[in-house]
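The values are calculated or read from the model by the stated rules, or taken from the named source; none is laboratory data. Every value quoted in this text rests on a predicted model; they were computed, and no experiment measured them. Cβ placement follows ideal geometry from the backbone for every residue including glycine, while neighbour counts extend to all protein chains displayed. These area figures cover heavy atoms from the full protein model, side chains too; ligands, DNA and RNA do not enter into them. Shrake-Rupley method; radii C 1.70, N 1.55, O 1.52, S 1.80 Å.
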Amino acid sequence: GDSVTQMEGPVTLSEEAFLTINCTYTATGYPSLFWYVQYPGEGLQLLLKATKADDKGSNKGFEATYRKETTSFHLEKGSVQVSDSAVYFCALSDDSGGSNYKLTFGKGTLLTVNP
Amino acid sequence: DAGITQSPRHKVTETGTPVTLRCHQTENHRYMYWYRQDPGHGLRLIHYSYGVKDTDKGEVSDGYSVSRSKTEDFLLTLESATSSQTSVYFCAISEKSGPPQETQYFGPGTRLLVL
């Protein structure tokens, strides 16, 4: 079945540091890939997505590139801010051979950015 | 923000009692989903709906049932609540299943405590 593995947290960084959160996946088809962010006490918000190999998703200074050869979708940001503190989820959307696509999530990575 | 509301937002109940959670959308999206979020597990799909009266099971459906009698409402019922169903429950909606419009938008969540 489909699965998503993302790096264990928590991750603690100082403001303006470089961020990488690793994500790899296993899928039966040709999935779309997503990063969602969850701020404290809130629901998940879509951060970025990519629907095919070599696509780069970007938003709010975050980027991730869909790498089919390494089955990866690592999240990066060049300079993090305190306001980026949140839980980040990598996810894939696949139909697994059926007719309806479903999201499979990683376990989430807690990021804390200190001033 | 997508128009998704969940009710109640918080609930405390006792083991063995029935509980119904409601998800309401104003986006007229066809697909609706119920997830549970637990530490160390990320989000896991409970049930989903691909139209009025059309529902299917997710990966953790035991002990849960759903109903969708109108496009805008998706109900999740715990027939006889157990302590293992203590969790945060999220509803999500999507316009389509499959790329490129399969992005899911999440509600604010319901925090359920079963004593």
(request) Consider just the alpha-carbon atoms of the protein assembly as shown and return their Rg together with their Dmax, both in angstrom. (result) 17.5, 51
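Which of the GluC sites (Glu not before Pro) found in segment A:1-84 are in a DSSP loop and have at most 14 neighbouring Cβ atoms, other than their own, within 10 Å?
Working: sites: A:Glu8, A:Glu15, A:Glu16, A:Glu42, A:Glu63, A:Glu69, A:Glu76; in loops: A:Glu8, A:Glu15, A:Glu16, A:Glu42, A:Glu69.
Sparse-neighbourhood loop GluC sites (Glu not before Pro): A:Glu8, A:Glu15, A:Glu16, A:Glu42, A:Glu69.
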(message) Bins of 5 Å, beginning at zero and ending with the bin holding the largest distance: percent of Cα pairs per bin for segment B:10-56, please.
(response) 5, 14, 20, 22, 21, 13, 5
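Largest first, how would B:Lys57, A:Lys102 line up by accessible area (1.4 Å probe)?
The ordering from most to least exposed comes out as B:Lys57, A:Lys102.
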(message) Taking the alpha-carbon distance from A:Lys49 and a cut-off under 29 Å, which lysines remain once sequence neighbours fewer than 8 residues away in the same chain are dropped?
(response) A:Lys60, A:Lys68, A:Lys77, A:Lys102, A:Lys107, B:Lys57, B:Lys96
(request) For segment A:52-102, count all C-alpha to C-alpha pairs, find those more than 15 Å apart, and express that count as a whole percent of the total. (result) 58
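Write down the Å³ per residue value for the convex hull defined by the alpha carbon atoms of chain B.
97
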(request) Provide the per-residue ³J(HN,Hα) series for segment B:86-97, in order, calculated from phi with Karplus coefficients 6.51, -1.76, 1.60 and θ = phi - 60°, each as a whole number of Hz, with x at glycine and proline positions. (result) 4, 5, 10, 10, 10, 9, 9, 9, 8, 6, 9, 9
(request) For B:His10 and B:Ser83, calculate 0.36 nm times their separation in residues minus their Cα-Cα distance, and state this gained length in nm to one decimal. (result) 24.7 nm
(message) Taking 35 Å as R0, compute the FRET efficiency from the Cβ-Cβ separation of A:Asn22 and B:Arg111 and round it to 0.05.
(response) 0.70
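Would you please classify the overall shape of segment A:16-102 from the alpha carbon gyration tensor, given that a ≥ b ≥ c denote the square roots of the eigenvalues, rounded means a/c under 1.5, and beyond that prolate means a/b larger than b/c while oblate covers the rest?
Values: a/c = 2.59, a/b = 1.56, b/c = 1.67.
Cα axes put segment A:16-102 in the oblate bin.
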